[in-house]
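Beneath this line is the structure, given in structure tokens, with notes to follow.
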Amino acid sequence: MAEAVLERRGIRIGLRPLALGVAALAVLGAAAYWFAVLRGLESTDDAFVEGHLAFLSPRVAGQVSEILVEENTHVTAGQVLVRLDPADFEARVARARADVEAAKNRIAQSRAAAEAAAAQAHAAAVRVRHSEQELARAKGLYERNVSSRTQLDAALAERDAATAELRAAEQRELAERAAIANEAPVLQAEAALREAELALAHATITAPFEGDVGRKSVELGANVSPGQPLLALAATKGNWVTANFKETQIGRMRVGDPVEIRVDAFPDRAWRGQVESISPATGAKYALLPPDNATGNFTKVVQRIPVRISLEEHRDGAPDVAAGPPETLPVGLSVSVRVRVD
């Protein structure tokens, strides 16, 4: 039979027109769904969870005497993580403090010497005045032929000696006053003490922020050097998502656009966020060796733009999710994002 027929309520309807009608309804439904839901959405699965990750290292060289944390443990800001043997640093602090006291003692000695020189200068000034009086008398007696030339020469020598002693005392006083005014030795000793105290403080490595200890590459008794990574610390708060959109997707994207985030590790949950910033350059330009399209044969490759997406938070501080409170998202997790654009 060329064409089957369907009779319903006395109306004969062909199967082919019915199939065409159903197909038309499906197309209209798909178009309506695209217009109502998918239109204005830009999505990508080239996205990852990012966060504050610090590799903690010592600022001074020393031997590890204590390790107070293990991998994957939670720590608070300021908590002690690793201690270096403080014996050498404490000895340096003690020596620097002794140097400060010695410098201050030298200043005190100079002050006392200056006072002594001032007293000697005063006594010498008195002798000078007395010797000048004696010299005047000797000259008068000599001119009247009452005394000899020897007495006059002795009075003159006494005056010259007193004058020289006065000048020497005055110069000693000036030198000691200059030593008192010069505080450089004390300042240098105090700076050395501060440096030694800082080295002692740096022998204790603390957590700069609240987070979870990741990779631990230090062992008890090991000798470490400045800059050597000992621990990795990932912050438990302030994580964000970096999504790498194609350059053809960011034309209408703006800061503040709402975002739906789905993490591969938690497929039943949906985080909400918003576009926080859009990178001013493509990811290729940030590479160690950026491509140079002016050389060789050119093949056009769609570039990707990093977009930073912040996680919205509830009043209680937890990220807003559709199903239950989430755990802290580990840095590096793969996610899929959908941005609602105008």
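The values are calculated or read from the model by the stated rules, or taken from the named source; none is laboratory data. The structure presented is a predicted model; accordingly, all values stated were derived computationally and were not measured. Positions of Cβ are generated from backbone atoms using ideal geometry, with glycine treated the same way; all protein chains shown enter the neighbour counts.
Given (1) at pLDDT 75 or above; (2) under 27 Å from ILE261 (Cβ atoms), where does VAL60 come up short, assuming only one miss?
Unmet for VAL60, out of (1) at pLDDT 75 or above; (2) under 27 Å from ILE261 (Cβ atoms): (2).
Is at least one residue of segment 213-233 without any contact (Cβ under 8 Å) to a residue 60 or more places away in the chain and β-branched (Val, Ile, Thr)?
Checking segment 213-233: not a single residue is without any contact (Cβ under 8 Å) to a residue 60 or more places away in the chain and β-branched (Val, Ile, Thr).
Find the residue count for segment 190-244, including only residues that are among the basic types (Lys, Arg), closer than 26 Å to VAL331 by Cβ and not in a loop (DSSP other than H, G, I, E, B). Spell out how you get there, then give the answer.
Restricting attention to segment 190-244, the residues satisfying the condition of being among the basic types (Lys, Arg) are 194, 215-216, 237.
Subset that is closer than 26 Å to VAL331 by Cβ: 215-216, 237.
Checking which are not in a loop (DSSP other than H, G, I, E, B) leaves us with 215-216.
So the count comes out to 2.
Of the residues in segment 56-73, how many are touching a residue at least 40 places away in the same chain (Cβ under 8 Å), part of a loop (DSSP other than H, G, I, E, B) and aliphatic (A, V, I, L, M)?
Qualifying residue count for the region: 3.
Kindly indicate which of GLY283, GLY256 is over 28 Å from the mean Cα position of the chain (by Cα), surrounded by fewer than 17 Cβ atoms within 10 Å (Cβ to Cβ) and of a type outside the set (Val, Ile, Thr).
Criteria check complete, one pass: GLY256.
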